[in-house]
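Enquirer: Just dropping this structure here.
The values are calculated or read from the model by the stated rules, or taken from the named source; none is laboratory data. Quantities reported herein were computed from a predicted structural model and do not represent experimental measurements. Positions of Cβ are backbone-derived with ideal geometry, glycine not excepted, and every protein chain shown enters the neighbour counts.
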Amino acid sequence: MFPFFRLIKDVFLASRQPPLTTLTEVHVSQHVCWPQDLDIFLELNNGRALTLYDLGRIAMAQRAGLVAVLKRKRWGLTMAGSHVRFRRRIRGFERFEVRSRAVCWDDKFIYIEQSMWKRDGECASHVLYRSAVTDKNGIVIPARVLSAMGQDRPSPEMPEWIAHWTRAESARPWPPMQD
């Protein structure tokens with residue numbers, strides 16, 4: 001089940017923080033790995049990690065003013081792809097933080113980078129999302145979204161590793177083979 005109470009807590013806490021002046025600023029949220037987050041090895045379940053990343057993105061979007069624009073314009077926010085790297089375990093009752101920021105955007109997508117950091121300073125996991133804002137006609141171009149947020153500015157340069165990923169994604173067959 002989606003952790004609605006955590007979402008309410010994170011959105012409330014984010015509302016008490018100063019607004020982010022740009023989507024590329026880092027939002028940091030604090031978390032605990034609760035028993036309902038564990039897998040059979042008593043560590044953070046990989047699916048739950050993605051759900052906790054959802055919470056970080058929503059709070060980041062709220063602080064940056066994106067949530068208000070989505071509501072006002074009746075737009076939606078969707079994930080069009082992700083790439084995750086897990087490197088360290090997060091165990092039950094362990095505290096950690098999620099860092100969230102938009103890295104860059106192109107003509108369709110906003111690329112969001114998130115990471116989980118343990119108390120000892122080690123990065124436990126890292127994810128790159130390709131996100132899209134949508135309306136009843138399809139994808140809303142990022143330039144229009146940023147303009148609606150009052151952040152008319154060009155994208156930072158796309159890092160090479162993200163550019164490589166986007167090229168690999170465009171070469172990936174869709175729909176996947178069924179044999």
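Enquirer: Check off (1) among the β-branched types (Val, Ile, Thr); (2) surrounded by 15 or more Cβ atoms within 10 Å (Cβ to Cβ); (3) more than 16 Å from VAL133 (Cβ to Cβ) for VAL26 and give me the number that stays unchecked.
Expert: For VAL26, the exception is condition (2).
Enquirer: Go through region 56-71 and give me each residue that's among the aliphatic types (A, V, I, L, M), in contact (Cβ under 8 Å) with a residue 40 or more places away in the chain and buried (at least 23 other Cβ atoms within 10 Å of the Cβ).
Expert: Narrowing region 56-71 to residues among the aliphatic types (A, V, I, L, M): 58-61, 64, 66-70.
Okay, now just the ones that are also in contact (Cβ under 8 Å) with a residue 40 or more places away in the chain, so 58-60, 64, 66, 69-70.
Within region 56-71, ALA59, MET60, ALA64, LEU66 qualify.
Enquirer: Of the residues SER155, SER100, which single one is in contact with a helix residue (DSSP H, G or I) (Cβ under 8 Å, 6 or more places away or on another chain) and part of a loop (DSSP other than H, G, I, E, B)? Spell out the reasoning first.
Expert: Details: SER100 fails: part of a loop (DSSP other than H, G, I, E, B).
Testing whether each residue is in contact with a helix residue (DSSP H, G or I) (Cβ under 8 Å, 6 or more places away or on another chain) and part of a loop (DSSP other than H, G, I, E, B) leaves just SER155.
Enquirer: Tell me, yes or no, whether region 154-172 has at least one residue that is modelled with pLDDT of 95 or more, closer than 25 Å to PHE96 by Cα and basic (Lys, Arg).
Expert: no
Enquirer: Related question: Could you identify the single residue in LEU20, LEU44 that is modelled with pLDDT of 95 or more, surrounded by 11 or more Cβ atoms within 10 Å (Cβ to Cβ), over 21 Å from ALA148 (Cα atoms) and in contact with a helix residue (DSSP H, G or I) (Cβ under 8 Å, 6 or more places away or on another chain)? Even if it seems obvious, please write down each step before you answer.
Expert: Numbers: LEU20 fails: over 21 Å from ALA148 (Cα atoms).
Of LEU20, LEU44, the one residue that is modelled with pLDDT of 95 or more, surrounded by 11 or more Cβ atoms within 10 Å (Cβ to Cβ), over 21 Å from ALA148 (Cα atoms) and in contact with a helix residue (DSSP H, G or I) (Cβ under 8 Å, 6 or more places away or on another chain) is LEU44.
Enquirer: Filter region 137-179 down to the residues that are without any contact (Cβ under 8 Å) to a residue 12 or more places away in the chain and among the basic types (Lys, Arg) and list them by number.
Expert: ARG144, ARG167, ARG172
Enquirer: Any residue at all in region 103-118 that is farther than 19 Å from TRP161 by Cβ, crowded, with 22+ Cβ neighbours inside 10 Å and modelled with pLDDT of 95 or more?
Expert: The answer is no, given that none of the residues of region 103-118 is farther than 19 Å from TRP161 by Cβ, crowded, with 22+ Cβ neighbours inside 10 Å and modelled with pLDDT of 95 or more.
So that you can scan it fast, the table gives a plain yes or no per residue for (1) touching a Lys or Arg at 6+ places or on another chain (Cβ under 7 Å); (2) in a strand (DSSP E or B):
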position	(1), (2)
ASP107	no, no
TRP117	yes, yes
SER125	yes, yes
LEU128	no, yes
THR134	no, yes
ALA143	no, no
GLN151	no, no
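Enquirer: Determine if region 121-131 includes at least one residue that is closer than 22 Å to GLN36 by Cβ, aromatic (Phe, Trp, Tyr), buried (at least 17 other Cβ atoms within 10 Å of the Cβ) and in contact (Cβ under 8 Å) with a residue 12 or more places away in the chain. Outline the logic, then answer.
Expert: So in region 121-131, the residues closer than 22 Å to GLN36 by Cβ come out as 124-125, 127.
Pick out the ones that are also aromatic (Phe, Trp, Tyr) and you get none.
The answer is no; no qualifying residue exists.
Enquirer: I'm trying to understand the selection: among the residues of region 79-103, which are over 15 Å from LEU50 (Cβ atoms), over 11 Å from the mean Cα position of the chain (by Cα) and in contact (Cβ under 8 Å) with a residue 60 or more places away in the chain?
Expert: Taking region 79-103 first, the residues over 15 Å from LEU50 (Cβ atoms) are 87-89, 91-95, 97, 99, 101-103.
In the following step, the residues that additionally are over 11 Å from the mean Cα position of the chain (by Cα) were identified as 87-89, 91-95, 97.
Within region 79-103, PHE93, GLU94, ARG95, GLU97 qualify.
Enquirer: Moving to a separate point now. Is one or more of the residues making up region 160-169 aromatic (Phe, Trp, Tyr), crowded, with 20+ Cβ neighbours inside 10 Å and on the phi < 0 side of the Ramachandran plot?
Expert: Quick first cut of region 160-169, residues aromatic (Phe, Trp, Tyr) only: 161, 165.
Subsequent filtering for residues that are crowded, with 20+ Cβ neighbours inside 10 Å retains none.
Looking for residues that are aromatic (Phe, Trp, Tyr), crowded, with 20+ Cβ neighbours inside 10 Å and on the phi < 0 side of the Ramachandran plot, one finds none in region 160-169, hence no.
Enquirer: Taking region 1-34 as the search range and keeping residues that are of a type in the set (Ser, Thr, Tyr) and within 17 Å of the chain's Cα centre (by Cα), which one is farthest from ALA61 (Cα to Cα)? I'd like the intermediate steps shown before the answer.
Expert: First, pick out the residues of region 1-34 that are of a type in the set (Ser, Thr, Tyr): 15, 21-22, 24, 29.
Now restrict to residues that are within 17 Å of the chain's Cα centre (by Cα): 22, 24, 29.
Values: THR22: 10, THR24: 11, SER29: 13 Å.
So the residue we want is SER29.
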